[in-house]
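**Q** This is the structure, below, for whatever I ask next.
The values are calculated or read from the model by the stated rules, or taken from the named source; none is laboratory data. Just so it is clear, the model here is predicted, and its values are computed rather than measured. Cβ: placed from backbone, ideal geometry, glycine included. Neighbour counts: every protein chain shown.
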Amino acid sequence: MKTGKLHYGWVVIFMGLLTTIAAHGFGRMSYTIILPAMKDGLEFNYTQMGLLGTGNFIGYLTMAIIGGFLAAHFGTRIVIAAALGLMGITIILTGLAQSFGFAFTMRLLTGLGNGAAFVPAMALGSAWFAMRKRGFATGIVSAGIGTGTMIASLGVPRILAAFGPNGWRFSWYILGGAVLLISGIVYRYVRNRPDELGLQLVGTAPAENVSPASAREAKASSLQWTAVIKMRQVWYLGGVYFFYGLSYIIYMTFFAAYLVNEMGLTQGFAGKLWALVGGLSILCGVIWGGISDRVGRSWGAALAYLVLGLSYIIYALIKVDFGFYLSAVLFGLTAWSIPTIMAAAAGDFVGPRMAPAGLGFITLFFGIGQALGPALGGYLADVSGSFTLPFLVAGVISLGGMILSFYLIKPATQ
């Protein structure tokens with residue numbers, strides 16, 4: 001399946017981009033925008049709305065871990081398409097919610113689909129691209145996070161305005177329908193690996209081509225999932241990823257509260273600044289994935305952690321508009337850098353076939369960090385009476401991730 005000189009791997013990567021738009025942008029990030037209208041429509045309190053978000057995250061983390069192994073065994077194509085199908089149906093059903101229990105169940109199931117779609121999609125770069133192009137390709141897939149968030153941010157308010165009190169329901173209907181459509185497109189065009197089409201990895205030189213016999217052996221050995229878990233470098237990679245989950249979520253969770261409640265700025269200012277972050281983040285995966293291809297995953301991750309750490313520290317210490325904008329720009333240009341580099345690095349260490357399983361395993365560490373971060377940040381804010389300390393601690397944690405990144409061992413070329 002070649003179109004002119006275009007390698008089919010680029011078609012697959014575009015399908016990965018569509019997947020992250022649907023999975024993260026429509027299925028997860030849109031909840032923030034729909035939340036106020038949904039709260040009023042169902043007469044829920046903020047605790048209940050927070051629990052809906054928690055249910056979604058529990059589902060996401062569960063299948064982010066398991067989904068990678070399922071994709072390695074059953075194939076990325078069927079797992080992503082089925083996961084998006086589940087998401088589309090449960091998102092639509094969320095719009096029919098009349099009770100907290102039903103809404104919670106739908107958000108949990110949506111989260112399960114999100115995790116099962118997102119991790120295999122992020123591993124497509126490893127399955128289709130040689131190491132020298134893997135980070136750039138993975139960055140294209142991660143661009144869907146910011147793209148989907150921006151589409152939802154622009155579209156949902158218009159739906160809410162058009163349909164009045166039931167606007168939140170129609171928002172879920174439309175988003176769910178879009179996810180179902182993308183599910184069908186992805187199933188039509190995604191293929192699991194280049195060898196299914198008689199192709200080599202994108203960026204693989206002819207001299208690097210492997211024989212059919214060695215390819216069959218590689219596939220057989222890759223099905224030993226325990227081999228992934230026993231790899232010490234995969235555990236270390238997970239540890240590096242943990243520092244990102246623990247630090248970035250503090251910044252994201254308290255970003256607006258700091259500006260509005262502590263700095264006395266308007267909600268409108270906070271919203272515009274966060275929109276700037278979202279817009280800049282669309283290209284950050286491509287930028288940092290490409291950097292890691294050139295300088296290596298170790299140095300790429302270290303540099304990304306440095307920029308992230310500076311963005312948190314600047315946000316805490318330079319308490320004027322210039323500082324807030326500088327922090328937002330630095331974070332926006334680096335927001336999804338570490339997930340992109342970690343996805344590429346997982347493929348480097350465990351190979352193209354088991355890349356979804358490797359990424360799913362290290363996502364466990366990221367998820368633990370992301371779960372602990374808001375509680376840590378909130379506690380520090382309560383103790384100190386300010387958000388300055390949480391952001392400074394996030395900066396220190398990020399700099400710790402930078403130091404650990406220097407000790408990532410470069411794997412053999414794949």
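**Q** Quick one: which of P352, P390, P356, P339 is farther than 23 Å from A71 by Cβ and surrounded by 16 or more Cβ atoms within 10 Å (Cβ to Cβ)?
**A** P390
**Q** Would you tally the residues in region 272-324 being free of Cβ contacts under 8 Å to residues at least 40 places away in the same chain and not in a helix (DSSP H, G or I)?
**A** Residues flagged as free of Cβ contacts under 8 Å to residues at least 40 places away in the same chain and not in a helix (DSSP H, G or I) within region 272-324 amount to 2.
**Q** Looking only at region 3-28, count every residue that is in a helix (DSSP H, G or I) and farther than 22 Å from A116 by Cα and tell me the total.
**A** 1
**Q** From T105, T47, T54, T110, grab the single residue that is among the hydroxyl-bearing types (S, T, Y), surrounded by 19 or more Cβ atoms within 10 Å (Cβ to Cβ) and assigned to a helix (DSSP H, G or I).
**A** Only one candidate passes the filter, namely T110.
Conditions (1) over 26 Å from I140 (Cα atoms); (2) among the β-branched types (V, I, T); (3) surrounded by fewer than 17 Cβ atoms within 10 Å (Cβ to Cβ), marked per residue:
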site: Y241; (1), (2), (3): no, no, no
site: L246; (1), (2), (3): no, no, no
site: Y258; (1), (2), (3): yes, no, no
site: G264; (1), (2), (3): yes, no, yes
site: L273; (1), (2), (3): no, no, no
site: I282; (1), (2), (3): no, yes, no
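**Q** G369: under 22 Å from G238 (Cβ atoms) and touching a Leu at 6+ places or on another chain (Cβ under 7 Å), yes or no?
**A** It is true that G369 is under 22 Å from G238 (Cβ atoms) and touching a Leu at 6+ places or on another chain (Cβ under 7 Å).
**Q** Here's a check for you: in region 134-154, which residue that is modelled with pLDDT under 85 and either surrounded by fewer than 24 Cβ atoms within 10 Å (Cβ to Cβ) or in contact with an Asp or Glu (Cβ under 8 Å, 6 or more places away or on another chain) (or both) is nearest to A345 (Cα to Cα)?
**A** M150
**Q** Moving on. Check region 228-238 and report whether any residue there is within 30 Å of F387 (Cα to Cα), at pLDDT 85 or above, part of a helix (DSSP H, G or I) and outside the structural domain of G68 (by TED's automatic domain parsing).
**A** Taking every residue of region 228-238 in turn, at least one turns out to be within 30 Å of F387 (Cα to Cα), at pLDDT 85 or above, part of a helix (DSSP H, G or I) and outside the structural domain of G68 (by TED's automatic domain parsing).
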